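The values are calculated or read from the model by the stated rules, or taken from the named source; none is laboratory data. Fair warning: this is a prediction, and the values are worked out from it, not measured in the lab. In this analysis, Cβ positions are derived from the backbone assuming ideal geometry, glycine residues included, and neighbour counts consider all displayed protein chains. Side chains included, ligands, DNA and RNA excluded: accessible areas come from the protein's heavy atoms. Shrake-Rupley method; radii C 1.70, N 1.55, O 1.52, S 1.80 Å.
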Amino acid sequence: MAKKIAIFAFKGDPMCFVHVLLNALDLHKRGLGGSIVVEGEATKLLPAMEEPSYFLHGLYAQVRDNGLIAAVCKACSNKMGVLDQVKAMGLPLSDEMSGHPSMGRFLEQGFEIIVM
């Protein structure tokens with residue numbers, strides 16, 4: 001079985017999130033998964049990255065178009081005020097662990113987890 005890596009991104013700082021995007025794309029190119037789970041304050045970046053003028057849009061579009069966003073936290077999206085926007089974007093919302101994505105689910109599916 002091929003190695004699979006999921007990156008759980010919590011920080012809402014765009015200069016941190018750029019590394020999530022870059023690493024996901026690199027892991028994907030190397031055949032190592034590169035799935036992203038967007039949690040915490042990072043959820044507020046999603047609507048901004050959809051805007052073509054936003055400086056991370058190009059990287060985000062590559063990640064999105066390659067299907068690398070595995071889950072977006074429903075509870076955190078709601079708390080950050082972007083739930084309706086995330087729904088409209090068609091990103092996969094996850095809430096199986098008291099409103100949040102479960103790391104256990106990813107571990108059961110054979111993923112290694114990196115938290116950024």
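So which of LEU56, LEU32, LEU22, LEU27 is open to solvent by less than 20 Å² (accessible area, probe 1.4 Å), among the aliphatic types (A, V, I, L, M) and under 20 Å from VAL115 (Cβ atoms)?
Answer to the selection: LEU56.
Identify all residues within segment 106-116 that are open to solvent by less than 70 Å² (accessible area, probe 1.4 Å), under 15 Å from the mean Cα position of the chain (by Cα) and not aromatic (Phe, Trp, Tyr); write none if there are none.
ILE113, MET116
VAL37 versus (1) surrounded by 14 or more Cβ atoms within 10 Å (Cβ to Cβ); (2) assigned to a helix (DSSP H, G or I): which is the lone unmet condition?
Answer for VAL37: the failing condition is (2).
Please state which of the following conditions VAL38 fails to meet, knowing it meets all the rest: (1) touching a residue at least 12 places away in the same chain (Cβ under 8 Å); (2) more than 10 Å from the chain's Cα centre (by Cα); (3) under 17 Å from PRO14 (Cβ atoms).
Against the list (1) touching a residue at least 12 places away in the same chain (Cβ under 8 Å); (2) more than 10 Å from the chain's Cα centre (by Cα); (3) under 17 Å from PRO14 (Cβ atoms), VAL38 comes up short only on (2).
Please enumerate the residues belonging to segment 60-103 that are open to solvent by 30 Å² or more (accessible area, probe 1.4 Å), farther than 17 Å from GLY33 by Cβ and outside any loop (DSSP other than H, G, I, E, B).
Across segment 60-103, the qualifying residues are LYS74, ALA75, ASN78, LYS79, ASP84, GLN85, LYS87, ALA88, MET89, LEU93, MET97, HIS100.
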